[in-house]
1. Whole Å is fine, so just give me how far the alpha carbon centre of segment 137-170 lies from that of segment 93-120.
2. Calculated from DSSP H runs of 4 or more alone, at -39500 (n - 2.57) each and per residue, what is the 222 nm mean residue ellipticity of the chain, nearest 500?
3. What does the charge count around residue 86 come to, taking other residues whose C-beta lies under 11 Å from its C-beta (Lys +1, Arg +1, Asp -1, Glu -1)?
4. Hydropathy first: keep DSSP H helices in the chain averaging at least 0.0 on Kyte-Doolittle, then drop any whose Cα extent along the axis falls short of 15 Å, and list what survives.
5. Just rank 139, 169, fewest to most, by other beta-carbon atoms within 10 angstrom.
6. How would you rank 128-137, 104-113, highest first, on the average number of other Cβ atoms within 10 Å across their residues?
7. Give, as ranges by residue number, the residues of segment 111-143 whose backbone N falls under 18 Å from the point 7 Å along Cα→Cβ of residue 77.
8. Let me know the shape class of segment 59-109, please: from the alpha-carbon gyration tensor, a ≥ b ≥ c as square roots of the eigenvalues, rounded when a/c is under 1.5, otherwise prolate if a/b is greater than b/c, or oblate.
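Computed from the coordinates by the stated procedures, all read-outs in this text should not be read as laboratory data. All figures in this text were calculated on a predicted structure; none of them were measured in a lab. All Cβ positions, even for glycine, are placed from backbone atoms using ideal geometry, and neighbour counts span all protein chains on display.
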Amino acid sequence: MKSFFITLLFCSVAVSASVSAQEWRKDLPQAQLLGSGEFTWWGLSIYTAKLWHPHTNFNADEDFALEITYHKNISRERFVDASIDEMKRLQGNKLTPELIQTWRNYMQKSFVDVKPGDQLIGVKLAKRGVRFYNKEKLISEINDEPFTQAFFGIWLDPRSKDQDLRSRILGKTK
């Protein structure tokens, strides 16, 4: 009898963990995996990215989710700095110092230091903004469409630095 209750407890913990790990799916219940790919740097696996979309043909104007699972330790500062650098590269002269600081503040509040196995899921909500989740819960919601476009542009812009990763997450190559 005791083993039955231990098994029941284990199953309920496992079910609640898998439910909470999918908290972001409430925003995008019809999402299906469009594609995935690994980002490497000098042969080291940094993270795996997965793009979730309601249709088999990607449309950036619709809701979608980008799930990133980390394979290395990355500090919040490094993550924010790298994101800002790439946004500046892609946006060019459109970004003022004030706007950059606003976006930096958004990311400082939304991101944490990560270790292998940690996830960050960004859910783009069309014409609204983005919600950031970790494995367990909603971290932040940012209702700033230009920020949202610039952030996801890091991976999805046709001028993205890693064209192979972009093609893979868009489901264009396997």
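1. Rounded to whole Å, the Cα centres lie 12 Å apart.
2. Values: 5 runs with 69 residues, N = 174.
Rounded to the nearest 500, the figure is -12500 deg cm²/dmol.
3. Counting the neighbours of residue 86, the net charge comes to 0.
4. Working: long enough: 2-21 (28 Å, 1.62); 76-91 (22 Å, -1.04); 97-110 (20 Å, -1.25); 145-156 (16 Å, 0.66).
Membrane-span-like by this criterion, though nothing is claimed about a membrane: 2-21, 145-156.
5. Working: 139 16, 169 28.
The fewest-first ordering by Cβ neighbours comes to 139, 169.
6. Numbers: 128-137: 18.3, 104-113: 16.0.
Ranked from most to least packed, the peptides come out as 128-137, 104-113.
7. 111-115, by backbone N distance to the label point.
8. In terms of gyration-tensor shape, oblate.
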